[in-house]
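Structure record follows, encoded as structure tokens.
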Amino acid sequence: MAIIGDSELVFAFRALGLRTYTPKGIDEARAVLRGFEKEDVVLCFIHESFLQPLEKEIADLRKKIFPVVVGFSDYRKTTDHLSTLMREMAVKATGSVSLVKGE
């Protein structure tokens with residue numbers, strides 16, 4: 001499992017021994033994501049600030065079985081973009097939106 005976000009957000013995950021990445025910009029985050037194809041990363045949580053700029057790379061990874069890339073927000077609110085991604089993942093996994101809250 002890997003977590004991509006700024007250093008303040010990933011600190012607790014690092015303390016738990018998880019792989020964390022704190023890219024300084026989009027190009028560095030893109031390189032980290034591309035590296036996951038060669039590593040044994042199965043699940044990657046990526047901060048929502050990287051979701052839109054890395055949309056193409058994430059879409060390319062979703063065509064493969066692993067890694068599964070999931071966005072997260074640091075303010076406990078789901079943005080429209082994250083909500084759409086979660087809905088798509090639920091439909092892909094179950095064929096239904098019944099697991100999506102509010103549907």
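Rule-based calculations on the coordinates, nothing more; no lab input. No experiment lies behind these values; they were computed from the predicted model shown. Cβ: placed from backbone, ideal geometry, glycine included. Neighbour counts: every protein chain shown.
Key figures for this structure:
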item: Computed [θ] at 222 nm, helices only, for the chain once each DSSP H run of length n ≥ 4 contributes -39500 (n - 2.57); result: -13000 deg cm²/dmol
item: Per-residue HN-Hα couplings for region 21-26 [Karplus 6.51, -1.76, 1.60; θ = phi - 60°; Hz; x = Gly/Pro]; result: 9, 10, x, 7, x, 5
item: Net lengthening on full extension, D74/D60 (0.36 nm per residue, minus Cα-Cα); result: 2.6 nm
item: Lysine pair count for region 21-103 [Cα-Cα under 28 Å; pairs on different chains or 8 or more apart]; result: 21
item: Within a Gaussian network of the chain (alpha carbon springs, distance under 10 Å), most fluctuating of L33, L16, L61; result: L16
item: Rough spin-label spacing in nm, given labels placed 7 Å along Cα→Cβ, for D6 and Q52; result: 1.6 nm
item: Highest-MSF residue in the chain out of F50, F36, F13 [GNM, Cα springs under 10 Å]; result: F13
item: Estimated dipole of region 2-77 in Debye, rounded to 20 [Cβ of Lys and Arg +1, of Asp and Glu -1, Cα centre]; result: 180 debye
item: Relative contact order (%) - criterion: Cα under 8 Å, at least six apart; region: region 2-77; result: 30 percent
